[in-house]
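The values are calculated or read from the model by the stated rules, or taken from the named source; none is laboratory data. If you're wondering where the values come from, they're calculated on a predicted model, not measured in any experiment. Cβ atoms come from the backbone with ideal geometry, glycine included; neighbour counts cover every protein chain shown.
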Amino acid sequence: MSDFKLLVKTKLLSGLLLLPLLWSNAYAAPDPSQTCPRPNAIAKTFKSGATWNLCAEWRAEEGLVLSQVYYAAPKKVARRVLGEASLAQLEEVFDSSDKKPVYGVTQQGLGRYAAPLTAANCPQGNIKSLSNVNICRSTQDSGYQYKYENQRQGSFFELVTHHNLAPRSYSVRWRFYENGIIEPALGISGQATSSNNVMDIFIAHAGWRLDFDLGTTGNDDEILELTSVPSEDRLTKSVRIIPQGKEYGATQDPDLKRSWVIRDGTTPYEGISVPAYDIVPSNYNYSRINTLSEPWLQKDIYFSKYSACERYASDNLLANCPKRMNSTARYIGNKEPIGNGSDTVVWYRQSYHHLARSDDKVRLGTVWSSFQLVPRDWHSQNQF
C-alpha cells in the first residue's frame, strides 16, 4: 500500500483530529509524498492480476472523496490515474417557480446525511467503515471484455454510498473496471411527492470534480479536444484534435461528437505512446437544461488551473477565499494557462430532468446518470 498516497494534510492538536475545521476551507493540491492511513486505504486485485489501489476520505460536504488512485494491468507497474475525484455539487431545481434551488453538497452536505448501511443493504459485497460511515463495496461481472474468435468476461469493483436528503435519496457510485475504465454515477430515488402531497417535477444537476494528475506529477497533463465534424453532404466525417492551452468551458454537441482527452504530458509509456484518459460524455438530451440561467450550467465541461479556493462546482463560498470565485464559470474567467506546466482540474456536469409519473407515487424508482473515463494508449496491445 505504500505506493499510493493521501491527498489531504490533517493537523493534530492536543491529540484531536481537526478535520471538521478544515471542511469549510480550501484544500491543498494532491500530494503523492504523503502516505494513506491504513483505515482509509482500499485495494482490489482481480483474478487476472489487474489491481486498483486508492485512498478514501469522508467529508461533511462532498461525502466520499477519492485520492491517489492507482491502476495496474496484469503484470504491469501501477500508475496513478487520479489525484482526486469527488461529486463537487448536487443542485436540485424545481419547475415550480415558488421553490428555490437546493444545493445538496454545500448547503445540506452529502456527508452529513449519509444513510446507515448494513450487510442487508450490500447483498453482493461487504461493508467498509470510514469515519463512522459505512460504504458498500462489491465485485461484479461486467459482461464481455471482448468477443471475437474467443471471448473474455470482465469484472468491476464498486463503491457505493447513500444519502438521505428528504424527500429525495441519492446514491453515489464509483466503478473501477478490470481493464482500467472508471465510471462515476449518481442515482436518484426517494419520493417525488413534496410535503403538500403534490408530486415534484425537478431537475438534478451533478457537478463532478476530477483532478487527474496522471503519472508521477500533476503538472504536465495535457488537454485535447476531439471533434468528429460531418461533411456538408453528411456522408463523411473528419476528426480534429485540438490541444487546449488556456482555461475554457465547452458544451456537448451531438452533431460534432465532441469528447476530451487528458494526456500524461508527452513522455511515451513502454516506449510506444503517451498514456491518456478519454472523457466519454453522456446524457446529451439534458445538456441544455438551465431554467434559471445559472452561469455554471452554461457549459457541460470546464478545464481550470488548480486553485485551493476552487473546491465546489457552484455555491463555492469558502473561508479566506475570494467570494466572487463562486462557480466553474468564474474559475476560467481569467484564461490562465493549463496543460503542460500547470495542474489542471476537470469539472464535468450532468443533468437529469424528472417528469413525474403516477408510477412514482410513494416511491421514486432509482434513475442513474453516469459517464466513463476510458484508458487510451496505456499499452502496446490489449493486456487481457
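Some values worked out for this structure:
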read-out	value
Test: residue in region 223-238 that is loosely packed, with under 15 Cβ neighbours inside 10 Å, of a type in the set (A, V, I, L, M), closer than 17 Å to residue 79 by Cα and in contact with a Ser or Thr (Cβ under 9 Å, 6 or more places away or on another chain)	no
Conditions (1) surrounded by 21 or more Cβ atoms within 10 Å (Cβ to Cβ); (2) touching a Pro at 6+ places or on another chain (Cβ under 8 Å); (3) over 18 Å from residue 84 (Cβ atoms); (4) not basic (Lys, Arg); number of the one not met by residue 259	(1)
Which numbered condition residue 238 fails, given (1) touching a residue at least 12 places away in the same chain (Cβ under 8 Å); (2) more than 26 Å from residue 286 (Cβ to Cβ)	(1)
Pairs with Cβ under 8 Å, 6+ apart, first in region 38-58 and closer than 18 Å to residue 82 by Cβ, second of a type in the set (D, E, K, R) and assigned to a loop (DSSP other than H, G, I, E, B)	50/178; 53/3
Conditions (1) part of a loop (DSSP other than H, G, I, E, B); (2) buried (at least 22 other Cβ atoms within 10 Å of the Cβ): number failed by residue 215	(2)
Options 151, 124, 140, 145; residue that is touching a Phe, Trp or Tyr at 6+ places or on another chain (Cβ under 8 Å), surrounded by fewer than 16 Cβ atoms within 10 Å (Cβ to Cβ) and at pLDDT below 95	151
Residue count, region 329-364 (criterion: at pLDDT 90 or above and either out of contact with any His (no Cβ under 7 Å at 6 or more places or on another chain) or basic (Lys, Arg) (or both))	20
Every residue from region 63-77 that is without any contact (Cβ under 8 Å) to a residue 60 or more places away in the chain and crowded, with 18+ Cβ neighbours inside 10 Å	65, 72
Out of 167, 184, sole residue that is closer than 23 Å to residue 61 by Cα, surrounded by fewer than 18 Cβ atoms within 10 Å (Cβ to Cβ) and of a type outside the set (Asp, Glu)	167
Near pairs, Cβ below 8 angstrom, 6+ apart or cross-chain, from region 195-206 (small (Gly, Ala, Ser)) to any residue that is modelled with pLDDT under 90 and assigned to a loop (DSSP other than H, G, I, E, B)	195/167
Enumeration of residues in region 321-368 that are outside any loop (DSSP other than H, G, I, E, B), over 15 Å from residue 88 (Cβ atoms) and not β-branched (Val, Ile, Thr)	337, 352, 353, 354, 358, 359, 360, 364, 365, 368
Of all residues in region 287-328 being of a type in the set (A, V, I, L, M) and out of contact with any Gly (no Cβ under 7 Å at 6 or more places or on another chain), the one that is modelled with the lowest pLDDT	289
Subset of region 145-177 [in contact with a strand residue (DSSP E or B) (Cβ under 6 Å, 6 or more places away or on another chain) and among the aromatic types (Phe, Trp, Tyr)]	146, 156, 157, 170, 174, 176, 177
Complete set of residues in region 187-217 that are among the small types (Gly, Ala, Ser) and at pLDDT below 85	192, 194, 195
Residue in region 251-263 that is in contact (Cβ under 8 Å) with a residue 24 or more places away in the chain and under 30 Å from residue 163 (Cα atoms) present	yes
Meets criteria (over 26 Å from residue 186 (Cα atoms), of a type outside the set (Gly, Ala, Ser) and crowded, with 18+ Cβ neighbours inside 10 Å) for residue 375	no
Candidates 271, 245, filtered to the one that is touching a residue at least 60 places away in the same chain (Cβ under 8 Å) and small (Gly, Ala, Ser)	245
The one condition in (1) more than 18 Å from the chain's Cα centre (by Cα); (2) of a type in the set (Asp, Glu); (3) crowded, with 18+ Cβ neighbours inside 10 Å that residue 95 fails to fulfil	(3)
